[in-house]
Amino acid sequence: MSERLTLILGLGQPGQGDAACGLQVAETLKASALAADPSVVIMSHVGDGEALLHLLRTFERVILVGGVMPLHKESGYRGGTIVELCDWQINAPPAMDWASPARGLSITNALTLAYSTGAWPDRLMVYGITGEHWRPQSPISEAVQAALPDVGARILSTVTAWHGHAISEE
């Protein structure tokens with residue numbers, strides 16, 4: 001395990017609409033008081049799930065954040081909805097999938113593989129933000145953009161609970 005116990009990993013694809021939202025959350029958190037905590041590493045991940053498998057094995061606690069899309073849009077679906085899953089919920093049959101690349105191991109499959117092979121961190125929390133569009137060369141939608149501050153606050157709350165002390169915004 002790494003000396004730095006907690007990894008916050010923003011997942012996404014730059015320039016692909018709402019698929020970039022996890023990257024934006026990570027960049028925002030890198031400028032916050034959370035980044036000053038020596039037991040926290042904040043990274044962005046652009047790519048497939050193979051590198052994610054290594055990171056899941058390396059850190060004791062992992063928070064994943066990024067854009068998700070429903071496998072079936074139901075009535076009442078809205079972009080910008082925050083979906084929270086803790087470690088014991090993640091391996092349930094998925095109703096959503098990560099906005100991950102078309103090639104290579106998907107994020108969803110990487111999580112399933114990590115769980116089944118024991119390459120699972122002690123704690124894992126997922127913050128997915130339901131997206132509205134994924135078009136190349138498009139910005140993050142207004143609905144998703146509006147949800148990002150709340151996601152950042154939830155991540156801060158999770159890290160505070162895991163570490164047993166408050167992280168002050170100075």
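The values are calculated or read from the model by the stated rules, or taken from the named source; none is laboratory data. Keep in mind it's a predicted model, so treat the numbers as computed, not measured. Counting neighbours? That spans all protein chains shown, and the Cβs are built from the backbone with ideal geometry, glycine included. Side chains included, ligands, DNA and RNA excluded: accessible areas come from the protein's heavy atoms. Shrake-Rupley method; radii C 1.70, N 1.55, O 1.52, S 1.80 Å.
Table for the structure above
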quantity: Hey, Ser39 farther than 17 Å from Leu111 by Cβ, open to solvent by less than 30 Å² (accessible area, probe 1.4 Å) and not hydrophobic (A, V, I, L, M, F, W, C) or not; calculated: yes
quantity: Single condition Gly22 does not satisfy, out of (1) modelled with pLDDT of 90 or more; (2) open to solvent by 50 Å² or more (accessible area, probe 1.4 Å); calculated: (2)
quantity: Qualifying residue in region 47-67 (condition: at pLDDT 85 or above, under 22 Å from Leu148 (Cβ atoms) and polar (S, T, N, Q)); calculated: no
quantity: Qualifying position, being of a type in the set (A, V, I, L, M, F, W, C), at pLDDT 95 or above and surrounded by fewer than 17 Cβ atoms within 10 Å (Cβ to Cβ), among Ala161, Ala146; calculated: Ala146
quantity: Tally of residues being on the phi > 0 side of the Ramachandran plot and either surrounded by 15 or more Cβ atoms within 10 Å (Cβ to Cβ) or assigned to a helix (DSSP H, G or I) (or both) across region 3-19; calculated: 2
quantity: Filtered residue count, region 109-138, keeping only those that are in contact with a helix residue (DSSP H, G or I) (Cβ under 7 Å, 6 or more places away or on another chain) and either open to solvent by less than 30 Å² (accessible area, probe 1.4 Å) or over 16 Å from Leu53 (Cβ atoms) (or both); calculated: 17
